[in-house]
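Only one structure is covered here, and it is reproduced in the block below.
All of the numbers you see were taken from the coordinates with simple rules; none came from a lab. Computed from a prediction, not measured in an experiment: that's the story for all the values here. Cβ coordinates were reconstructed from backbone atoms using ideal geometry, including for glycine residues, and neighbour counts include every protein chain displayed.
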Amino acid sequence: MKLHRFIGSFDVRLKEVCSSDEGLIHQLKDVLKIRQGDKLILCDGNGNEATFSFSLKGNNACFNKESEASKAWVPQKKLTLCMAIAKKENFEIVAQKATELGVSEIIPIISSRTVKKGVRMDRLLKITKEAAEQSGRGDVPKCFEPIAFSEAISLEGKKVILHPEGASRRDAPQTDIIFIGPEGGWTEEELFLAEEFGVSKVCLGPMIMRAETAAIVASYLFSDIG
């Protein structure tokens, strides 16, 4: 039976860990229906986890250690995904899948053709945390507030920008930062700015992918997993 995993500020070295977090207690008792004595996994967000048994003590959720701490998978490569904010829930889907694929940082960007200008950070943080817990990852990617493309393109690191006229992904340089454009694509001015900053144009293949598809495929290809 697969055990539920929870990532938080837990010191998994201790024999007993207690929390008064009302949201966590509600999730344990009312959502997941976890009962006294049931086992689960706690992770400290830094790649350390252990199995504990659950109990309630007053208003606290307490966890008694059942196994010694072990290492959960944490990406060794720091990969940053910079994506133009997509409409509806598409950006949230990308954030979920990018978490499962080992992306370390997610930065929403506002480009010239971006229609939606903001994201709900509380939802983004919740989605990435749950995706990390579900996938067995030992950390949660950092999520940033939206920034302009002109600011993001100056970030330090080896960067690629996805474009249908770019070089083959097989010929792409070692990459730390991926740029995914909006549905309408990059403007000539943005491509020129990227070139000025030494960003390589890369094409993922002969098909024209939707932005969210390209983001998920690129996250896999350029991550530790790919």
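A crude spin-label estimate for the pair Glu188 and Met121, with each label 7 Å from Cα along the Cβ direction, gives 3.7 nm. Principal axis analysis of the Cα atoms in the chain yields extents of 62, 31, 29 Å, listed in decreasing size.
Kirkwood radius and radius of gyration were both taken over the C-alpha atoms of the range 128-226, and their ratio Rg/Rh is 0.97.
Can you give the FRET efficiency to the nearest 0.05 for Trp73 and Ile208, using r as the Cβ-Cβ distance and R₀ = 30 Å? Show your work: numbers first, answer last.
Details: r = 33 Å, r/R0 = 1.10.
That gives a FRET efficiency of 0.35.
Based on the alpha-carbon gyration tensor of the range 5-71 and its eigenvalue square roots a ≥ b ≥ c, which shape applies: rounded if a/c is under 1.5, prolate if not and a/b is larger than b/c, or oblate? It is prolate, given that a/c is not under 1.5 and a/b is the larger ratio. Ordering Ala61, Leu101, Trp73 by Cα displacement along the dipole of the range 43-114 toward the positive end leaves Leu101 in first place; charges were set at the Cβ atoms of Lys, Arg (+1) and Asp, Glu (-1).
One Cα centroid belongs to the range 145-180, the other to the range 39-101; the line between them spans 27 Å.
Its DSSP H runs of at least 4 residues, each contributing -39,500 (n - 2.57), put the calculated 222 nm mean residue ellipticity of the chain at -7000 deg cm²/dmol, to the nearest 500.
Helices that extend 30 Å or more along their long axis by alpha-carbon positions and average at least 1.6 on the Kyte-Doolittle scale are absent among the DSSP H runs of the chain.
Taking a straight Cα-Cα cut-off under 18 Å and skipping sequence neighbours fewer than 8 places away in the same chain, the aspartates and glutamates within cross-link reach of Lys65 are Asp11, Glu16, Asp38, Asp44, Glu49.
In plain terms, the residue of Asp139, Asp171 with the fewest other Cβ atoms within 10 Å comes first and the most crowded comes last, giving Asp171, Asp139.
Each label was represented as a point 7 Å from its Cα along the Cα-to-Cβ direction; for Ser150 and Asn64 these points are 6.2 nm apart. Of the GluC sites (Glu not before Pro) in the range 126-226, the ones in a loop by DSSP (not H, G, I, E or B) with at most 11 other beta carbons within 10 Å are Glu156.
For the range 68-171, what does the alpha-carbon gyration tensor say about shape, rounded, prolate or oblate, given a ≥ b ≥ c as the root eigenvalues, a/c under 1.5 as rounded, and a/b over b/c as prolate? Verdict is oblate for the range 68-171. For the range 147-205, trypsin sites (Lys or Arg not before Pro) meeting the loop criterion (DSSP other than H, G, I, E, B) and having at most 16 other Cβ atoms within 10 Å: Lys158.
Here the chain is assigned +1 on the Cβ of each Lys and Arg and -1 on the Cβ of each Asp and Glu. Its dipole about the Cα centre then comes out at about 720 debye.
Give me the percent relative contact order of the chain, please, defined on Cα pairs under 8 angstrom at least 6 residues apart.
Working: 450 pairs, mean separation 45.6, N = 226.
Worked out over the chain, it gives 20 percent.
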